There are 2 protein chains.
Amino acid sequence: VPTYKLTVAYDGTGYVGWQRQASGTSIQGLLEDALSDLDGRPVPALGAGRTDAGVHARGQVVGASLDRDLAADAVVRALNVRLPPAVRVVSAVAVASTFHARFDARAKTYQYRIWNAPVADPFERAYAWHVPEPLDVVVMDSAARLLEGEHDFTAFCAAETDTLSTRRVVMRSSVRRQAPQLALVTYDVSGSGFLRHMVRTIVGTIVEVGLGRQPVEWLAEVLASEDRRRAGRTAPPHGLCLIAVQYGEDSLPPAETSL
Amino acid sequence: VPTYKLTVAYDGTGYVGWQRQASGTSIQGLLEDALSDLDGRPVPALGAGRTDAGVHARGQVVGASLDRDLAADAVVRALNVRLPPAVRVVSAVAVASTFHARFDARAKTYQYRIWNAPVADPFERAYAWHVPEPLDVVVMDSAARLLEGEHDFTAFCAAETDTLSTRRVVMRSSVRRQAPQLALVTYDVSGSGFLRHMVRTIVGTIVEVGLGRQPVEWLAEVLASEDRRRAGRTAPPHGLCLIAVQYGEDSLPPAETSL
């Protein structure tokens, strides 16, 4: 029973999110249907991150075990012909049968995109939150960096979270304008794990600082309060993208099938 | 009767192109409906370039005259609330009533995007042609540069063209890979004007060189032949984008409403 680590990119527009739901089309459902069709029996697909409805991914990681023994390249091709163009298996690599996409993940990297110009961009309308008022990216970056380190992120966590611990380690948290289109502002964050709505609530809070409604230090106050009501609003899902999931060297062979 | 030069960006996916057609939704039709609704009488919108179905624009230029005397910023806002999110008026500027978006244009710049990797990118599926086989961008660029200068472009022109002259001046014609995603290959071309399907046929021809099926000098042979049957196939429309239209200083006041 060969096990594969699949790297999956998807445009989350119009889907109910990664996880199967009672109604609507999920990315997990599409992948499980493709895997099951390929293998001739029901195949579960386990994702590293449960992205919400409308959230995108460039580097979601999915573990799946097949009865058929196929070369990694053949798995990529066979799945892509069974998937819609909005979902692509970028690479596959054979891993130990003990591989667990979620529990073995050491870190995840997300990017949140903001289109900061008076007029929205037609090409970013499904991939960036449109904030028409000018943002001060220097103070946003200062605020974002206050979240680096190990903290209790309860203040940035959806009420319905059912996690055991709300402590997480954030390795990188930064904001910058992207050249050449300076209207594009990105928030890049890497961490040991993320609570439900955590990245989007951080973005909603940092934007308050960028609009001049709150000072930089407010971010530290909100964090220390451990009170969700203190943070800003949750930024919309379509600006968010799961960029990559990092694993320890042990759980993977050295070379991946390249893009 | 104030006349405005409008800069318009649109995602051409699903539209019949710039020009009004007997059936389907055109960008011109959407703009004329918005202008007419704003002005309370039928307002024609004249575009600088007649983009084909599925072709995009970042900098289409449109001329329109209104009875109402509105500030340029007010025109931008009033039109955008009347347009779908796929079409945005990026800026408006008051110009002389003699302004003609097409005849006054000195040059146009197009970009054609190619996604050159074994697996397609979900986020580029509507904005780039997927060419899975490796492209040699160095020879493609050499071939592209053979088109710079004044030439008869009949070989790269759709049969149904009804133009008086097939001579055009190409100021820039170049191919490169874009960092950070080296899978993205772009063809950038600026010229005094373009024949129907000219950019897409140039791209289809240059790709033959990039795939190693033809030598660089073949581009010069095809050009000199003035025979459409000698060129490569017409690349698909969704990779093409009208980036900008240049005008002489005379036809415009100095400052534009900025993005």
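The values are calculated or read from the model by the stated rules, or taken from the named source; none is laboratory data. What you are looking at is a predicted structure, and each value in this text was computed from that prediction instead of being measured. Backbone-built Cβ (ideal geometry, glycine too); neighbour counts: all protein chains shown. Accessible surface is based on the protein model in full, side chains and every heavy atom, while ligands, DNA and RNA are left aside. Shrake-Rupley method; radii C 1.70, N 1.55, O 1.52, S 1.80 Å.
Quick one: how many residues across the stretch A:73-120 are farther than 21 Å from residue A:247 by Cβ, in contact with a helix residue (DSSP H, G or I) (Cβ under 9 Å, 6 or more places away or on another chain), open to solvent by less than 50 Å² (accessible area, probe 1.4 Å) and within 14 Å of chain B (Cβ to nearest Cβ)?
10
Would you check if residue B:51 is touching a residue at least 60 places away in the same chain (Cβ under 8 Å) and under 21 Å from the mean Cα position of the chain (by Cα)?
Values: touching a residue at least 60 places away in the same chain (Cβ under 8 Å): yes; under 21 Å from the mean Cα position of the chain (by Cα): yes.
So residue B:51 passes the test.
Take residue A:68 and decide whether it is of a type in the set (D, E, K, R), within 14 Å of chain B (Cβ to nearest Cβ) and out of contact with any His (no Cβ under 7 Å at 6 or more places or on another chain). Let's see the steps before the verdict.
Details: of a type in the set (D, E, K, R): yes; within 14 Å of chain B (Cβ to nearest Cβ): no; out of contact with any His (no Cβ under 7 Å at 6 or more places or on another chain): yes.
Here the answer is no, as residue A:68 does not meet what is asked.
Please verify whether residue A:192 is open to solvent by less than 30 Å² (accessible area, probe 1.4 Å) and either away from chain B (no Cβ under 14 Å) or closer than 26 Å to residue B:85 by Cα (or both), treating the condition exactly as stated. Break it down stepwise before answering.
On the way: open to solvent by less than 30 Å² (accessible area, probe 1.4 Å): no; either away from chain B (no Cβ under 14 Å) or closer than 26 Å to residue B:85 by Cα (or both): yes.
In short, no.
Quickly run through the stretch B:121-139 and pick out the residues that are within 29 Å of residue A:56 (Cβ to Cβ) and open to solvent by less than 50 Å² (accessible area, probe 1.4 Å).
Going residue by residue through the stretch B:121-139, those that are within 29 Å of residue A:56 (Cβ to Cβ) are B:121-135, B:137.
B:121, B:122, B:123, B:124, B:126, B:127, B:128, B:129, B:131, B:135, B:137, listed by residue number.
For the stretch B:216-231, which positions are within 17 Å of residue B:173 (Cα to Cα) and outside any helix (DSSP H, G or I)?
Scanning the stretch B:216-231 gives B:216, B:217, B:231.
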